[in-house]
1. Compute the FRET efficiency between residue 276 and residue 95 as 1/(1 + (r/R0)^6), taking r as their Cβ-Cβ distance and R0 = 41 Å, and round to the nearest 0.05.
2. Suppose every Lys and Arg Cβ carries +1 and every Asp and Glu Cβ carries -1, with no other charges. What dipole size does the chain come out with about its Cα centre, to the nearest 20 debye?
3. Using the structure shown, select from 88/220; 6/88; 44/88 the pairs with a Cα to Cα distance greater than 31 angstrom.
4. Name the cysteines of the chain that stand alone by the Cβ rule: no other cysteine Cβ under 4.7 angstrom.
5. Over all directions, what mean area does the Cα convex hull of the chain project, stated in square nanometres?
6. Show me, for region 252-264, the HN-Hα J-couplings you get by feeding each phi into the Karplus relation (A = 6.51, B = -1.76, C = 1.60, θ = phi - 60°), rounded to Hz, glycine and proline as x.
7. Counting other beta carbons within 10 Å of each Cβ, put 253, 169 in order, fewest first.
8. Mind checking region 56-97 for trypsin sites (Lys or Arg not before Pro) that DSSP puts in a loop (not H, G, I, E or B) and that have at most 15 other Cβ atoms within 10 Å?
Amino acid sequence: MDYREKAFAVLKERRDRAEERATRIKQSLLADPEYRALDSECKKLAFEKARLASLDRDIGDLNANYEELCGKRAARLKALGHTPEDLKPRYHCAECSDTGSVGGRDCKCLKELVYLLINEGQQVPCSAEGFLENPSLDAVEPKRRAAYGKLYALLARYAANFPDVKHIYMLIGAVGVGKSWAAGAVCHALMRRGLGVLFMPAGRLNELFLQYHLAPLDKKQAIFAPLLEADLLVVDDLGSEPVFNNVTSVYLYDLLCERHRPIMITSNLETEELRLRYGDRIFSRLIDAENSRILVIEGSDLRLKKR
Ligand SMILES: [Zn+2]
């Protein structure tokens, strides 16, 4: 089963659960004789009203009676500890009612789910609503706030211009400077727009490469496809993964060549270390003046890497 099929299975389970819950509540209400009688009267009157209206007949006091009965039914519902909302299935996603599709297109909940499954449930960091547009710098050391203000402004522009952005965008800086957080903020801004974002820790990406390498020919495509198809692919912490001979660099190179949509990469490695680790072919793809942009977060400074 591929990730998309798995995601649909999860959605179906969510939908079934929501519908079962609503059905269970309805059944428990109908077990109450008073509620059942009121509900049955309301339905009869609603039917009668519709019948008379369709014949163009005068409905007389029916409306008033109907309203009164509905009021009594609502009061009984409340007395039994429920709200009218309880009678409807409470779907996980209000946009697609957990079907995964809106107007024939994939709902953003489906995309998020597919990528969550690929990442084995690991969430994208920085889920604070609107963080990128309105970042809180309280947690940042005072002397670094200006640099972070600049960084988030650049990233907000990146997200606003997306997908019209550099093919490769790199955030380089030491451990703990908040690169993953910043990349995650971009992901959430794009996900809210309904875009499909795949946030891959480099270690997980490397595992997928190995899985791809070992897979039989007819299974390979399904493993690589999500990496090419996501609107944005983030490779988080490049350089932290173990290097597998004939795997890591080979498929990373293939990915950089075959993926025609934007890629964001975070890394602790300085550019020269990247060259040593991945070789000239990959390095020249990453450090390509035309197609890539490198931001270095360093001390209290944010600089654009000169090539
Ligand atoms: Zn949805």
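1. On the way: r = 47 Å, r/R0 = 1.15.
Working from the Cβ atoms, E equals 0.30.
2. Numbers: 47 positive and 45 negative charges, 57 e Å.
So the magnitude is around 280 debye.
3. Going by Cα-Cα distance, 88/220 fall outside the 31 Å limit.
4. Cysteines of the chain left without a disulfide-compatible partner: 42, 70, 126, 187, 257.
5. Approximately 23.2 nm², given one-decimal rounding.
6. With the stated coefficients, region 252-264 comes to 5, 4, 4, 4, 5, 7, 8, 7, 9, 9, x, 10, 10 Hz.
7. Neighbour counts put them in this order, fewest first: 253, 169.
8. Answer by residue number: 57, 90.
Readers should treat all values here as calculations from the given coordinates under stated rules, not as data from a laboratory. Since this is a predicted model, take the numbers as computed values, not measurements. Cβ: placed from backbone, ideal geometry, glycine included. Neighbour counts: every protein chain shown.
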